Amino acid sequence: MYLSGRYQPNCEEKLLPVCESSSQTLDCDVEIEIYSDVVCPWCYLGKARLDAALASFDGDVVLRWRPYQLDPSAPHDCRPLIRWLGPRFGGEDRARQAMAHITTTGAAEGLTFDFDRALSANSFDAHRLLSYADQPEAVFFGATADTQPELAEALHRAHFADGLDISSHDVLVSLAVEVGLEADRVWRLLTSTEGTADVRAQIAQAHDLGITSVPTFVFAGKYAVTGAQDAASLRSILVEIARREGLAPTLRSIVPSQRSAPAAEDDSRVA
């Protein structure tokens with residue numbers, strides 16, 4: 001299914017091996033755009049399951065994180081997450097019960113969720129940093145093709161396992177340095193408005209595409225899969241999409257690239 005809905009592969013169709021139909025050496029990249037919020041536990045689970053699916057996928061993929069905010073109005077001053085979630089779940093006890101299910105599910109994937117330590121956070125600046133990591137310029141300040149995925153992992157872990165305030169510029173700079181970015185450049189980014197209009201435009205574009213929940217994985221620019229699907233399902237989807245797309249030869253940049261919608265300065269749908 002295309003962007004208007006959830007794609008499910010037809011299990012009765014024969015899946016062809018990647019690039020079997022050509023003796024030419026091909027760039028067999030499938031681009032996966034991951035609409036995600038770094039404060040979303042299911043996005044963390046979805047990333048872990050996608051990583052597991054990719055580990056057994058024979059083709060090459062290009063991963064790109066796209067911003068989405070579950071709550072653009074989240075305060076910038078951090079507070080205990082369970083306390084902040086309490087009113088949304090009808091009390092802190094109910095919030096803990098809901099988070100206990102996520103904790104158990106995450107443990108099965110090797111992930112740690114410590115909601116007693118976790119802090120509420122506005123994720124907008126974290127998205128600015130993630131977006132910057134995919135900019136061509138970022139390669140001159142330490143970025144590689146793996147920096148954005150590694151940074152997404154670091155942000156999730158900092159928020160859910162380490163009890164760090166990921167709206168804090170100090171924390172964001174520390175995480176950026178951890179994945180190889182230069183501290184001074186990241187400070188200049190975060191202490192300015194750089195990337196603000198672009199991230200807002202990307203969030204608005206997500207809404208225009210009909211994305212209302214995360215994680216949402218968009219494969220090859222046209223197939224959307226919503227939710228933290230299990231690894232086997234994600235791998236089957238990858239193989240099917242690779243077959244449907246034919247894995248035609250493509251030219252890929254050797255540096256990160258960011259393709260986004262024009263900035264919408266007057267857009268009021270996002271913070």
Checklist line | Unique match (being of a type in the set (A, V, I, L, M, F, W, C), farther than 25 Å from ARG49 by Cα, modelled with pLDDT of 95 or more and not in a helix (DSSP H, G or I)) among LEU181, LEU189 | finding: LEU181
Check: From the residues in the range 92-107 that are of a type in the set (A, V, I, L, M) and under 30 Å from ALA176 (Cβ atoms), which one is surrounded by the most Cβ atoms within 10 Å (Cβ to Cβ)?
Finding: MET99
Notebook entry, point to check: With respect to CYS78, is the statement that it is at pLDDT below 95, at positive phi and either among the polar types (S, T, N, Q) or surrounded by 12 or more Cβ atoms within 10 Å (Cβ to Cβ) (or both) true?
Noted result: no
Checklist line | Close pairs (7 angstrom Cβ cut-off, 6 or more residues apart or separate chains): within 18 Å of THR216 (Cα to Cα) in the range 227-248, among the small types (Gly, Ala, Ser) and part of a helix (DSSP H, G or I) anywhere | finding: ALA228/GLY46; ALA231/ALA52; ALA231/ALA53; LEU234/ALA53; ARG235/ALA53; LEU238/ALA53
Next item on the list: Return only the number of the condition from (1) modelled with pLDDT of 90 or more; (2) within 30 Å of PHE115 (Cβ to Cβ); (3) in a loop (DSSP other than H, G, I, E, B); (4) of a type in the set (Val, Ile, Thr) that VAL270 does not satisfy.
Entry: (1)
Next item on the list: Kindly check whether there is at least one residue in the range 19-30 that is modelled with pLDDT of 95 or more, in contact with a helix residue (DSSP H, G or I) (Cβ under 7 Å, 6 or more places away or on another chain) and either buried (at least 19 other Cβ atoms within 10 Å of the Cβ) or among the charged types (D, E, K, R) (or both).
Entry: no
Margin query: Going through PHE89, PHE140, PHE160, PHE124 one at a time, which residue ends up being among the aromatic types (Phe, Trp, Tyr), touching a residue at least 24 places away in the same chain (Cβ under 8 Å) and either surrounded by fewer than 17 Cβ atoms within 10 Å (Cβ to Cβ) or under 16 Å from GLY195 (Cβ atoms) (or both)?
Written below: PHE124
Margin query: I need the helices (runs of 4 or more DSSP H) fully contained in the range 59-149, keeping only those with at least 1 residues that are more than 16 Å from the chain's Cα centre (by Cα).
Written below: 81-89, 92-108
Item checked: Hits in the range 150-177 (condition: farther than 28 Å from THR104 by Cβ and either assigned to a helix (DSSP H, G or I) or touching an Asp or Glu at 6+ places or on another chain (Cβ under 6 Å) (or both)) -> HIS169, ASP170, LEU172, VAL173, SER174, ALA176, VAL177
Note to self: Against the definition (touching a strand residue (DSSP E or B) at 6+ places or on another chain (Cβ under 9 Å) and either surrounded by 15 or more Cβ atoms within 10 Å (Cβ to Cβ) or closer than 18 Å to VAL214 by Cα (or both)), how does TYR68 come out, yes or no?
What the structure shows: yes
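The values are calculated or read from the model by the stated rules, or taken from the named source; none is laboratory data. From a predicted model like this one, the values you see are computed outputs, not experimental measurements. Methodologically, a virtual Cβ is constructed for each residue, glycine included, from the backbone with ideal geometry; neighbour enumeration extends over all protein chains shown.
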